[in-house]
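Worksheet: one structure, shown below.
The values are calculated or read from the model by the stated rules, or taken from the named source; none is laboratory data. Predicted model, so just to flag it, every value in this text is computed and none were measured. Neighbour counts run over all protein chains shown; Cβ positions are idealised from the backbone, glycine included. Heads up: the accessible areas ignore ligands, DNA and RNA and are worked out on the full protein's heavy atoms, side chains in. Shrake-Rupley method; radii C 1.70, N 1.55, O 1.52, S 1.80 Å.
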2 protein chains.
Amino acid sequence: VRVVLLSGGSGKRLWPLSNDSRSKQFLKVLKKSENELESMIQRVKRQLENVNLINSTVVTTSLNQVDMVKSQLGLDIPVIAEPSRRDTFAAIALASSYLYSVEKVSKDEVITVLPVDPFVEDSFFNKVKELENLFSNTSTDLGLIGIKPTYPSSKYGYIVPSSEDNNVVSVESFKEKPKEQEAELLIQKNSLWNGGVFAFKLGYLLDILTNYNLPLNYNQLLSDFEKIPKNSFDYEVVERARNIKALSYKGSWKDLGTWNTLTEEMSTSVIGKARLSEDSVNTHIVNELDVPITAIGVKDIVVAASPDGILVTDKAKSPRLKEYIPTSEQPMYIERLSGEYRIIDSNSDSSNKTAKLSLYQGYKLEDFNEDNSVKNYVVLSGEVQFIEGQVNSFVRRGESYLISVRGHYSITAISDTELIEISLTTGNKEKPLLKIPSLT
Amino acid sequence: VRVVLLSGGSGKRLWPLSNDSRSKQFLKVLKKSENELESMIQRVKRQLENVNLINSTVVTTSLNQVDMVKSQLGLDIPVIAEPSRRDTFAAIALASSYLYSVEKVSKDEVITVLPVDPFVEDSFFNKVKELENLFSNTSTDLGLIGIKPTYPSSKYGYIVPSSEDNNVVSVESFKEKPKEQEAELLIQKNSLWNGGVFAFKLGYLLDILTNYNLPLNYNQLLSDFEKIPKNSFDYEVVERARNIKALSYKGSWKDLGTWNTLTEEMSTSVIGKARLSEDSVNTHIVNELDVPITAIGVKDIVVAASPDGILVTDKAKSPRLKEYIPTSEQPMYIERLSGEYRIIDSNSDSSNKTAKLSLYQGYKLEDFNEDNSVKNYVVLSGEVQFIEGQVNSFVRRGESYLISVRGHYSITAISDTELIEISLTTGNKEKPLLKIPSLT
């Protein structure tokens, strides 16, 4: 069996901690052990390790989150970069072609696709492992995991069974987000919530690609990525499949996609520099700023702070967050495998901008300086090498380096380094607030 | 009549907006006009202007707030700097000696001392003006303003009258912070809250100084400041005075010393970069950070943010703030007449520190660079002149300047200027987090 972990999403539902460069699955707020925190994706990795599936796992994610995935999961797990956002069918198709043409996986091998978001018990992953068995003696097209409903939710999709045999459910149909009354009827018929897990034989999916005249070779499919139907796997595959089986899972299954659900699973009520009065009730603080937070006498509140913003929300109201996120704010910080980039000061037209950079040993930052731009770098710790045209300069703690002429330049970290970058631009030629340096 | 305005206090009761360098009276959160905000001290100045007393006013404040007073009130009002905190008697004594020996005020002139904190209606200042009349035909030692109580408060001091004649109350005794029951009895006897306003003939106070063998000359008293009894004016003078009269004031009189009382008088529910959902109730946000604040679905909350901290408090609980202020945090920013100093990044041991400075045209910043310290300055706007020993350098926008040897140096603003200062120290010799540059 091979596992494809879908690490998608650019969700702002956990603003200000999640932003376009850091989805919710990367937030380190869950309890790993008494003293350690982990992110959702790290938790899933740990759970895959527990059932010995981690060495069979590949991760698909958008191009701009590849670095973040590697930074959190390490370099041993292959990461497949989706060239653009094209929904889950395209992501799974790309991963399948990778497994087939690069990793030479057999067409008979079972592929299990997992979303990264649900917060589940370890036993869920035993079910994931059991999915393979559905394909041994049957003509199963698709295997799913159905979650025993705990209430008639109108937010989920339902798997409607035709029969159940030894915990294996034969799927009759699906029902997306029914009204509560209808959901109650569905539950009476032993319907299950659809867990978003898909298992299939590799050949099954490759046949679909072939029907679309799409190549099975990974590099060719990468080039043809825009030709893949922009559709969810549910609509493109699940709804058209004939023989669908589901394993039933009874246990905790949560979407930690809003502040009220996420904080239920937080290890402590306070993460970061913060103080909560002892008379505060059901309140959580997550602070990624250096500025300390104090909360006094509050109830059912989440306070979350990052360089992007400070949120104070009633927990029950937090799902309405999207309406209130400041518009057109670009992220004030970026995390990369190679380091971090954080704007610590900028004026309103961004013609002056001061940023703090971390660059880890051996990594290189490449940038281009425009005619109308001047950059001053001061090394706070470590040592870097600046290369600007033919000029090659080593710069140590306390020293500074000026980039004032037009052209490419690079900064290589000789050791782990922190720098302050002060950028000034003149003239009308507007530079973007956050020019992301390409890191190699 | 001469007015002495006492601008004291280092209160942290409005943390994080007030700190050791900025007391609550300097917070610009009150409504001046439809589109303008003013601070408490600016409001008092405006009210003194309305009754034509502003040209007779001097302000006393602690040495480290002189700049802030001048910055908010302008340069026309004399500011008397208390060399150290020595309570109100010492402050009033120093101001009296200034009026006598520097401004040559007659011993028969009436001096009226006003606290800066109470939030009052303009009619209060008519009473202040009337205080002078108490001294025309009587043997009055002291004149006070008594506030008609609106409820039996146990937080205030009470003036107990012996008789009242034409709105002039003869004072029999005082009662500090009575229990509520006792307060009710006092109110039945027409007692008044003590407004903290003191009027006396200059000679009356000078006699007290003479009895202590203290000099009447301002410069001599400044030198002998530590010899002045460290006592409140209430204990030192009021409780010993024989013939005390009070004018009765009926109207609004509030101490805006806590977040719940202050926000009652705020002009808008939001000041600074912030957004409040329309379903939030009785909630105020004051944001001095560049990071935007969003509050959703909250009730009876104050959110206040500055580089020193972020407070989220239930309004009714805000008086308990003192217990929860992060200890030993030094201010992250300082406002001066000459400009601003704001730490935008620092590491935990403060061996690396990046600050943004504003320096207004013509002002000069003087500093000393230690052996183990390196400072990089980058000019973001304007032009400055660095003087380091015999070296004299003009530095413009985009240019940088390095201070790397031990010694005095200065920065003079040729025009209004913004600079980034990056300080690095090495070795064990700890530098204070916030070395306040002396500004001239």
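Measuring r between the beta carbons of A:ASP416 and A:LEU37 and using R0 = 25 Å, the FRET efficiency lands at 0.70. Computed with the Debye formula from one identical point scatterer per Cα of the range B:117-156, without solvent, the log10 of I(q)/I(0) at q = 0.23 Å⁻¹ comes to -0.89. On the protein heavy atoms, probe 1.4 angstrom, tell me the percent of accessible surface of the range B:245-302 carried by carbon and sulfur. Carbon and sulfur together cover 49 percent of it. Panel note: the C-alpha atoms of chain B, placed on their principal axes, show extents of 72, 59, 41 Å (largest first).
The B-A contact accounts for approximately 4500 Å² of buried accessible area, totalled over both chains at a 1.4 Å probe radius.
Per-residue mean of other chain beta-carbon atoms within 10 angstrom of the beta-carbon, peptide B:394-400? Mean partner-chain Cβ count within 10 Å for B:394-400: 4. Note that the range B:84-181 shows a convex hull volume over its alpha carbon atoms of 148 Å³ per residue.
Residue-wise HN-Hα couplings along the range A:397-413, as the Karplus relation 6.51 cos²θ - 1.76 cosθ + 1.60 with θ = phi - 60° gives them from phi, are 3, x, 8, 10, 9, 10, 10, 10, 10, 5, x, 6, 8, 9, 10, 10, 7 Hz; Gly and Pro carry x. For the range A:289-410, the Kirkwood estimate of hydrodynamic radius, built from reciprocal distances between every pair of different alpha carbons, is 17.6 Å. Note: the range A:336-379, Cα convex hull, 91 Å³ per residue. Protein heavy-atom accessible surface, 1.4 Å probe, per residue over the protein assembly as shown: 42 Å².
Counting only Cα atoms, the size of the range A:51-130 along its three principal axes is 34, 30, 24 Å, in decreasing order.
When its C-alpha radius of gyration is set against 2.2 N^0.38 Å (N residues), the range B:1-52 gives a value of 1.26.
Report the local net charge at A:TYR151: Lys and Arg +1, Asp and Glu -1, summed over other residues whose C-beta lies under 10 Å from its C-beta. That sum, taken over residues with Cβ under 10 Å, equals -2. Peptide B:299-307 has a mean shielding of 3, counted as Cβ atoms of other protein chains within 10 Å of each residue's Cβ. Summing Cβ point charges (Lys, Arg +1; Asp, Glu -1) relative to the Cα centre of the range A:1-90 gives a dipole of roughly 240 debye. Heavy-atom accessible area, probed at 1.4 angstrom with all protein chains present, ranks A:ILE285, B:ILE271 as B:ILE271, A:ILE285, highest first. Could you state, as a whole-number percent, how many of the C-alpha pairs of the range A:1-155 are farther apart than 24 Å? Of all Cα-Cα distances in the range A:1-155, 36 percent exceed 24 Å.
With K and R counted +1 and D and E -1, the other residues having a Cβ less than 15 Å from that of B:ALA90 yield a net charge of -2. Placing +1 on the Cβ of every Lys and Arg and -1 on the Cβ of every Asp and Glu, with no other charges, gives the protein assembly as shown a dipole of roughly 460 debye about its Cα centre. Placing unit charges on the Cβ atoms of the charged side chains and taking the dipole of the range B:26-139 about its Cα centre, the candidate lying farthest along the positive direction among B:VAL105, B:LEU27, B:VAL58 is B:LEU27.
Evaluated at q = 0.19, 0.22, 0.24 Å⁻¹, the base-10 log of the normalised Debye intensity for the range B:244-346, with identical point scatterers placed on the Cα atoms, takes the values -1.05, -1.25, -1.36. For A:SER269, the point set 7 Å out from Cα toward Cβ sits 2.6 nm from its twins in the other copies, listed from shortest up.
The range A:272-332 and the range A:178-246 have Cα centres separated by 37 Å. Expressed to the nearest 5 percent, the antiparallel share of DSSP beta bridges inside chain B is 75 percent.
Take every DSSP beta bridge whose two residues both sit in the protein assembly as shown; close to 70 percent of them are antiparallel. Rg over Rh for the range A:297-360 works out to 1.08, both radii taken from alpha-carbon positions and Rh defined as the Kirkwood radius. Note on surface exposure: A:THR210, B:THR57, B:THR88 rank A:THR210, B:THR88, B:THR57 by accessible area, highest first, 1.4 Å probe. Label-point spacing for B:GLN361 across the identical copies (point 7 Å from Cα in the Cβ direction), in nm and ascending order: 5.3. Sorting A:ASP108, A:ASP141, B:ASP122 by solvent-accessible area of protein heavy atoms yields A:ASP108, B:ASP122, A:ASP141, largest first, with a 1.4 Å probe. Calculated mean residue ellipticity, 222 nm, chain B: -4500 deg cm²/dmol, from DSSP H runs (n ≥ 4) at -39500 (n - 2.57) each, averaged per residue and rounded to 500.
Within the range A:215-315, antiparallel bridges make up roughly 40 percent of the DSSP beta bridges whose residues both belong there. Taking every alpha-carbon pair within the protein assembly as shown, the share separated by more than 34 Å comes to 64 percent.
Among the residues of A:372-380, the average count of other protein chain beta-carbon atoms within 10 Å of the residue beta-carbon is 5.
Projecting 7 Å from Cα along the Cα-to-Cβ direction, the label point of B:SER33 sits 6.5 nm from its equivalents in the other copies, listed shortest first.
As a calculated quantity, the FRET efficiency between A:ARG85 and B:GLU265 at R0 = 51 Å, using C-beta atoms, amounts to about 0.55. Amide hydrogen proximity for A:GLU109: with H placed 1.01 Å from N in the peptide plane, the residues at 5 or more positions away or on another chain lying under 5 Å are A:LEU202, A:GLY203. All other residues whose Cβ lies under 14 angstrom from that of B:LEU276 are scored, Lys and Arg at +1 and Asp and Glu at -1, for a net of 0.
For the range A:142-218, dividing the convex hull volume of the Cα atoms by the residue count gives 116 Å³ per residue. Would you grab the residues whose amide H sits under 5 Å from the one on A:GLY157? Only those 5+ places off in sequence or on another chain, please, with H modelled 1.01 Å from N. Under 5 Å from the amide H of A:GLY157 lie the amide H atoms of A:LYS177, A:ASN194, each far enough along the sequence or on another chain.
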